[in-house]
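A.B. asks: Below is a structure I'd like to ask you about.
The values are calculated or read from the model by the stated rules, or taken from the named source; none is laboratory data. This one's a predicted model, so the numbers in the text were calculated from it and none came from an experiment. FYI the Cβ positions are ideal-geometry reconstructions off the backbone, even for glycines, and counts take in every protein chain you see.
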Amino acid sequence: MEQKIKQDNRIGENIRRIRKLRKLGQTDLVRMLQIEGCDMTRECLVKIERCTQHILSSQLRAIKKALNTTYDALIDGADE
């Protein structure tokens, strides 16, 4: 069973900030994730970015790779 990560560290807000820094729309990021085999919809990404849905560890790993960033930046908001 895959672990869900509770968003008490504002992971969703950090994902959104980094995605916008990369000049990617939500649909663009979802498309990149799906190509890499991460089954995610735009609606799911919206909920994650709004911190209303827990993120799966596999989703966090795929987002890290797609945005070419670090776990520190995603979890703690560390500077790029």
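Each row is one residue, and each column tells you yes or no for (1) part of a helix (DSSP H, G or I); (2) modelled with pLDDT of 90 or more; (3) on the phi < 0 side of the Ramachandran plot.
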{"position": "Glu2", "(1), (2), (3)": "no, no, yes"}
{"position": "Gly12", "(1), (2), (3)": "yes, yes, yes"}
{"position": "Leu24", "(1), (2), (3)": "no, yes, yes"}
{"position": "Arg31", "(1), (2), (3)": "yes, yes, yes"}
{"position": "Cys44", "(1), (2), (3)": "yes, yes, yes"}
{"position": "Lys47", "(1), (2), (3)": "yes, yes, yes"}
{"position": "Ile75", "(1), (2), (3)": "yes, yes, yes"}
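A.B. asks: I've got another one for you. Quick check on my filter: what residues within region 51-73 are of a type in the set (A, V, I, L, M, F, W, C) and part of a helix (DSSP H, G or I)? It would help to see each step written out before you state the result.
C.D. replies: Initial filter on region 51-73 (of a type in the set (A, V, I, L, M, F, W, C)): 51, 55-56, 60, 62-63, 66-67, 73.
Result: Leu60, Ala62, Ile63, Ala66, Ala73.
A.B. asks: Taking interchain pairs and intrachain pairs at least six residues apart, which have beta carbon atoms under 9 angstrom, with the first residue in region 55-80 and free of Cβ contacts under 8 Å to residues at least 24 places away in the same chain and exposed (fewer than 13 other Cβ atoms within 10 Å of the Cβ) and the second basic (Lys, Arg) and part of a helix (DSSP H, G or I)?
C.D. replies: Note: pairs meeting the criteria are Tyr71/Arg61; Tyr71/Lys64.
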